[in-house]
Amino acid sequence: MHKFVAIVGTNSDNSTNRKLLQFMQKHFAAQADIELVEIKGLPLFNKPENKQVPAAAQAIADKIDQADGVIISTPEYDHSAPAVLMNALEWLSYYIHPLADKPVMIIGASYGALGTSRAQEHLRQILDSPELRARIMPSSEFLLGHSLQAFDDDGNMIDQTKLAKLAGLFSDFETFVELTKKLNHANEANREEIHDLDWANL
Amino acid sequence: MKLVGIAGSVADKSYNRMLLKYIASHFSDQVDIELLDINDVPLFNQSDDQTNGDAVQYLNHKIMAADGVIIATPEHNHTITASLKSVIEWLSFNIHPLSGKPVMIVGASYYDQGSSRAQLNLRQILESPGVDAIVMPGNEFLLGDVKEAFDDNQNLKDDRTVSFLKETLTKFMKFVKVINTMNKPEDPGWEAEDLEAKGKVETTVEGVDMHAADWVEKAAEKTHAAEGDDYVKLDRGLLTVNQLNYFLNSMPIELTYADANNQFIYYNHFLEAKDMLASRTPGQAGNPMADCHPKRAIPHVKQVIHMLRSGQTDMFRLPVPGMGPDKYVMHYYKAMHDAQGEYKGINELVLDIMPMIQYYLKHTGQMLVKDPDADTDAVSGASTNVKPEKTDAVSGASSDAEPEKPTVDEVSGASADAEPAPKPTKPDVDEVSGASSNS
Ligand SMILES: Cc1cc2nc3c(=O)[nH]c(=O)nc-3n(C[C@H](O)[C@H](O)[C@H](O)COP(=O)(O)O)c2cc1C
Ligand SMILES: Cc1cc2nc3c(=O)[nH]c(=O)nc-3n(C[C@H](O)[C@H](O)[C@H](O)COP(=O)(O)O)c2cc1C
């Protein structure tokens, strides 16, 4: 069974993105082991000269290291990913590189109709940058619009068509994880390159 | 023009901050740029609203008061920093100080691509509806290889970079003007001009009766005004108040200052009222402009002031007849502005140009002849059909003379005026004297 880390892309207390991940955790329990990871509480990234990553960020990195893949559920703030998620990714690319070559599935929930389409695009671009180099599942998008109305009192997704799409994408992601394992010829080179990225000594 | 600058970094050392500091100091003779600190802004959290905290309110107030914003963005992971994004989130959550604000984006990065992706991202973020900033299109200023860009004094080394930066900043200053003009509330129209001067401008002396004959003395006391041998520093020179008076009172021109609040606050008092081309009495100084005009003339006075205040024209020319055939009296109403282009009132200049014409003719051996094609009396201009009257838009008294079918553009005096005069909104109305062909 695959083990996934699911990053809640917000520090908000009442997050529909958290709800979405909690729902997936429960709904796909027979298929995969999903652990929710919170990014709240990480200090604001300030490029410390001592190159030290805070313990909480290192803990997330360790979990990602242990996982077969990562699911990130992002809200949309100002047509882009929230600062708090960008902040976590800055720490996760500062002299540590847990996401390099890691399979990632991007999803998102928003109050409006568009369901984080622009935030997901933004997140894709971030994860594709040379310091992160994640393996983002291509040609797939799960947009949960009107997220405040999307779940019933038990936290189940109401819209069955949406659910079918999510289930399909989740199975695809599992396949993608397996596939990615085979896309390993450049892994070594990637790892070397990424460790050579030393901002301080450019 | 007042701009604020935000560097998108909370690191101890930031080249983007250095770049902004450089821009602020290097171009300080052209524009005032204040750098804003974002170090104390907490990471945005929707469930812990800190909009009213000091750090966010500081940015809120500074940005609201500024004409435009310059943002210098680093690039982290092909996007802007979380610290900058967090600031923008606070400024788009429950308050929206960036809404409608002109913004210029610059950026520095260690690589030769120099923050191009972050800048593109930032543009998109700033233009989202919650932020609603107005980002200057094009004109990307990317400072790549930034570790090599500055000398030991933190000045940019490359002259071409500096001149491109200057070009970009100059364009931005124009952009700021255009956007802020566009954002200005609808022009309230000339009717809104308050000739009673009930409003106030920063120089208005409060607590002194504007109608009082000794307004000058009272207001001088209240403001501890310089006088006599006190020195006044001027652009460009230094004079005592006495010298300033000798100087202004020896001008062969009657000068009147009406401030932006439509208060008549000064005239150069070198003649008695009866000897003046546009008569003023010492007791009038300080009066609201409404006191200086007959009721009937007021709409037209308002129209002229409004045209000057709103920038439709910078100078209004008006020949004022009635002083006899050997005089040609011109009233010039010139808008005054401060260095920022803010309207500061009207300089009214009144003079008889006939002596100059006579001088010119005599010394060049010429004479005046009538233009057979002219539809105006070249000598008296617009005045042919108007009964003699002494009228004066700013401060003078106007008699109630009614014109009978004026045949010319009464504002410019048509052919008598060599330079084209600005087109008045209603060409058949003498906007200043109140003489209307329709009434
Ligand atoms: C500062 C701010 C900006 C926002 N901007 C957007 C936006 O650009 N597009 C959008 O669909 N929703 C926007 N929203 C509303 C979001 O839909 C909603 O907050 C979020 O995506 C829901 O995620 P959550 O339930 O996990 O918190 C914004 C909310 C905040 C607080
Ligand atoms: C986590 C991290 C990610 C970075 N990613 C990028 C990048 O994607 N593109 C880039 O040009 N520079 C990147 N850099 C280096 C930047 O050039 C540099 O941090 C910054 O733009 C320089 O501006 P500053 O001195 O104002 O921070 C990154 C640096 C860090 C610490």
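The values are calculated or read from the model by the stated rules, or taken from the named source; none is laboratory data. Just so you know, these numbers come straight off a predicted model, no measurement behind them. Here the Cβ is made from the backbone with ideal geometry for all residues, glycine too, and neighbour counts use every protein chain on show.
Quick check on region A:45-60. Is at least one of its residues touching a helix residue (DSSP H, G or I) at 6+ places or on another chain (Cβ under 7 Å), crowded, with 22+ Cβ neighbours inside 10 Å and facing another protein chain (nearest Cβ under 9 Å)?
Checking region A:45-60: at least one residue is touching a helix residue (DSSP H, G or I) at 6+ places or on another chain (Cβ under 7 Å), crowded, with 22+ Cβ neighbours inside 10 Å and facing another protein chain (nearest Cβ under 9 Å).
Within region B:19-31, track down each residue that is surrounded by fewer than 16 Cβ atoms within 10 Å (Cβ to Cβ) and either small (Gly, Ala, Ser) or more than 22 Å from B:Ala108 (Cβ to Cβ) (or both).
B:Ser25, B:Ser28, B:Asp29
So that you can scan it fast, the table gives a plain yes or no per residue for (1) within 16 Å of ligand 1 (Cβ to nearest atom); (2) over 28 Å from the mean Cα position of the chain (by Cα); (3) more than 14 Å from chain A (Cβ to nearest Cβ):
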site: B:Arg123; (1), (2), (3): yes, yes, no
site: B:Glu140; (1), (2), (3): no, yes, yes
site: B:Glu148; (1), (2), (3): no, yes, no
site: B:Asn153; (1), (2), (3): no, yes, yes
site: B:Val162; (1), (2), (3): no, yes, yes
site: B:Glu167; (1), (2), (3): no, no, yes
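One line per residue, one yes/no per condition, for (1) on the phi > 0 side of the Ramachandran plot; (2) without any contact (Cβ under 8 Å) to a residue 40 or more places away in the chain; (3) within 16 Å of ligand 2 (Cβ to nearest atom); (4) touching a strand residue (DSSP E or B) at 6+ places or on another chain (Cβ under 7 Å):
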site: B:Asp40; (1), (2), (3), (4): no, yes, no, no
site: B:Gln46; (1), (2), (3), (4): no, no, no, no
site: B:Asp54; (1), (2), (3), (4): no, yes, no, no
site: B:Tyr58; (1), (2), (3), (4): no, yes, no, no
site: B:His61; (1), (2), (3), (4): no, yes, no, no
site: B:Met64; (1), (2), (3), (4): no, yes, no, no
site: B:Ile71; (1), (2), (3), (4): no, no, yes, yes
site: B:Glu75; (1), (2), (3), (4): no, no, yes, yes
site: B:His78; (1), (2), (3), (4): yes, no, yes, no
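Of the residues A:Asp128, A:Asp33, A:Asp101, A:Asp65, which single one is farther than 23 Å from B:Gln119 by Cβ and in contact with a His (Cβ under 9 Å, 6 or more places away or on another chain)? Spell out the reasoning first.
On the way: A:Asp128 fails: farther than 23 Å from B:Gln119 by Cβ; A:Asp101 fails: in contact with a His (Cβ under 9 Å, 6 or more places away or on another chain); A:Asp65 fails: in contact with a His (Cβ under 9 Å, 6 or more places away or on another chain).
A:Asp33 is the lone residue from the list that is farther than 23 Å from B:Gln119 by Cβ and in contact with a His (Cβ under 9 Å, 6 or more places away or on another chain).
Hey, among B:Asp209, B:Asp229, which residue is over 19 Å from B:Glu348 (Cα atoms) and either assigned to a helix (DSSP H, G or I) or out of contact with any Gly (no Cβ under 9 Å at 6 or more places or on another chain) (or both)?
So the residue among B:Asp209, B:Asp229 that is over 19 Å from B:Glu348 (Cα atoms) and either assigned to a helix (DSSP H, G or I) or out of contact with any Gly (no Cβ under 9 Å at 6 or more places or on another chain) (or both) is B:Asp229.
Can you tell which of B:Leu59, B:Leu36 is in contact with a Leu (Cβ under 8 Å, 6 or more places away or on another chain) and within 16 Å of ligand 1 (Cβ to nearest atom)?
B:Leu59
So, in region A:74-120, how many residues would count as being in a helix (DSSP H, G or I) and under 20 Å from A:Ser15 (Cα atoms)?
Taking region A:74-120 and keeping what is in a helix (DSSP H, G or I), we get A:83-91, A:117-120.
Narrowing the set further to residues that are under 20 Å from A:Ser15 (Cα atoms) leaves A:83-89, A:117-120.
Residues meeting the conditions: 11.
Does A:Arg124 qualify as being within 13 Å of chain B (Cβ to nearest Cβ), more than 16 Å from ligand 1 (Cβ to nearest atom), touching a strand residue (DSSP E or B) at 6+ places or on another chain (Cβ under 6 Å) and closer than 18 Å to B:Thr79 by Cα?
So A:Arg124 fits the description; yes.
Specify the residue that is nearest to ligand 2 (Cβ to nearest atom); the eligible residues are those in region A:2-36 that are within 14 Å of chain B (Cβ to nearest Cβ) and without any contact (Cβ under 8 Å) to a residue 12 or more places away in the chain. Step through it out loud before you land on a result.
Quick first cut of region A:2-36, residues within 14 Å of chain B (Cβ to nearest Cβ) only: A:8-18.
Those left that are additionally without any contact (Cβ under 8 Å) to a residue 12 or more places away in the chain: A:13-14.
On the way: A:Asp13: 28, A:Asn14: 30 Å.
Among those residues, the one meeting the criterion is A:Asp13.
Residues that are part of a strand (DSSP E or B), under 20 Å from A:Met24 (Cβ atoms), more than 16 Å from ligand 2 (Cβ to nearest atom) and under 13 Å from the mean Cα position of the chain (by Cα): does region A:121-135 have at least one?
yes
I'd like to check which strands (runs of 3 or more DSSP E) are fully inside region B:315-376 and have at least 3 residues that are at pLDDT 95 or above.
Here the list reads B:329-337, B:343-352.
Taking B:Ala11 as meeting all but one of (1) within 16 Å of ligand 2 (Cβ to nearest atom); (2) more than 10 Å from chain A (Cβ to nearest Cβ); (3) among the hydrophobic types (A, V, I, L, M, F, W, C); (4) without any contact (Cβ under 8 Å) to a residue 24 or more places away in the chain, write down the number of the exception.
All conditions pass for B:Ala11, except number (2).
Give the residues of region A:99-108 that are surrounded by fewer than 22 Cβ atoms within 10 Å (Cβ to Cβ) and within 14 Å of chain B (Cβ to nearest Cβ), sorted by residue number.
A:Ala100
Can you report the number of residues in region B:125-138 which are assigned to a loop (DSSP other than H, G, I, E, B), more than 10 Å from chain A (Cβ to nearest Cβ) and buried (at least 17 other Cβ atoms within 10 Å of the Cβ)?
Number of matching residues: 2.
Could you please find all residues in region B:36-60 being buried (at least 16 other Cβ atoms within 10 Å of the Cβ) and outside any loop (DSSP other than H, G, I, E, B)?
Those that are buried (at least 16 other Cβ atoms within 10 Å of the Cβ) and outside any loop (DSSP other than H, G, I, E, B): B:Leu36, B:Ala55, B:Val56, B:Leu59, B:Asn60.
Kindly list the number of the only condition in (1) within 14 Å of another protein chain (Cβ to nearest Cβ); (2) surrounded by fewer than 19 Cβ atoms within 10 Å (Cβ to Cβ); (3) more than 17 Å from the chain's Cα centre (by Cα) that fails for A:Asp78.
(2)
Working carefully through the options B:Leu255, B:Leu271, B:Leu277, find the one that is touching a strand residue (DSSP E or B) at 6+ places or on another chain (Cβ under 9 Å), in the same structural domain as B:Asp194 (by TED's automatic domain parsing), more than 15 Å from B:Asp194 (Cβ to Cβ) and in a strand (DSSP E or B). Show your work before the answer.
Numbers: B:Leu271 fails: in a strand (DSSP E or B); B:Leu277 fails: in a strand (DSSP E or B).
Criteria check complete, one pass: B:Leu255.
Suppose we filter A:Ala189, A:Ala134, A:Ala119 for residues that are closer than 30 Å to B:Ser115 by Cβ, within 14 Å of chain B (Cβ to nearest Cβ) and either in contact with a Lys or Arg (Cβ under 7 Å, 6 or more places away or on another chain) or surrounded by fewer than 16 Cβ atoms within 10 Å (Cβ to Cβ) (or both); which single one remains?
Being closer than 30 Å to B:Ser115 by Cβ, within 14 Å of chain B (Cβ to nearest Cβ) and either in contact with a Lys or Arg (Cβ under 7 Å, 6 or more places away or on another chain) or surrounded by fewer than 16 Cβ atoms within 10 Å (Cβ to Cβ) (or both) holds for just one of A:Ala189, A:Ala134, A:Ala119, which is A:Ala134.
Where residues in region B:99-120 are in a helix (DSSP H, G or I) and near ligand 2 (Cβ under 10 Å from one of its atoms), which of them is farthest from the other protein chains (Cβ to nearest Cβ)?
B:Ser116
Hey, among the residues in region B:63-98 that are more than 12 Å from ligand 1 (Cβ to nearest atom) and assigned to a helix (DSSP H, G or I), which one's surrounded by the most Cβ atoms within 10 Å (Cβ to Cβ)?
It comes out as B:Ala82.
Among the numbered conditions (1) within 13 Å of another protein chain (Cβ to nearest Cβ); (2) modelled with pLDDT of 95 or more, tell me where B:Ile95 comes up short.
Going through the list (1) within 13 Å of another protein chain (Cβ to nearest Cβ); (2) modelled with pLDDT of 95 or more, B:Ile95 breaks only (1).
Find all pairs meeting these conditions: Cβ atoms under 6 angstrom apart; at least six residues apart or on different chains; first residue within region B:102-117 and within 10 Å of B:Thr73 (Cβ to Cβ); second residue more than 11 Å from ligand 2 (Cβ to nearest atom) and of a type outside the set (Asp, Glu).
B:Ile105/B:Ile71; B:Ile105/B:Leu122; B:Val106/B:Phe141
For the list (1) under 28 Å from the mean Cα position of the chain (by Cα); (2) of a type outside the set (Lys, Arg); (3) within 14 Å of chain A (Cβ to nearest Cβ), I need the number of the one condition that B:Glu75 fails.
(1)
I need a count of the residues in region A:21-44 that are over 18 Å from the mean Cα position of the chain (by Cα) and under 14 Å from A:Leu92 (Cα atoms).
2
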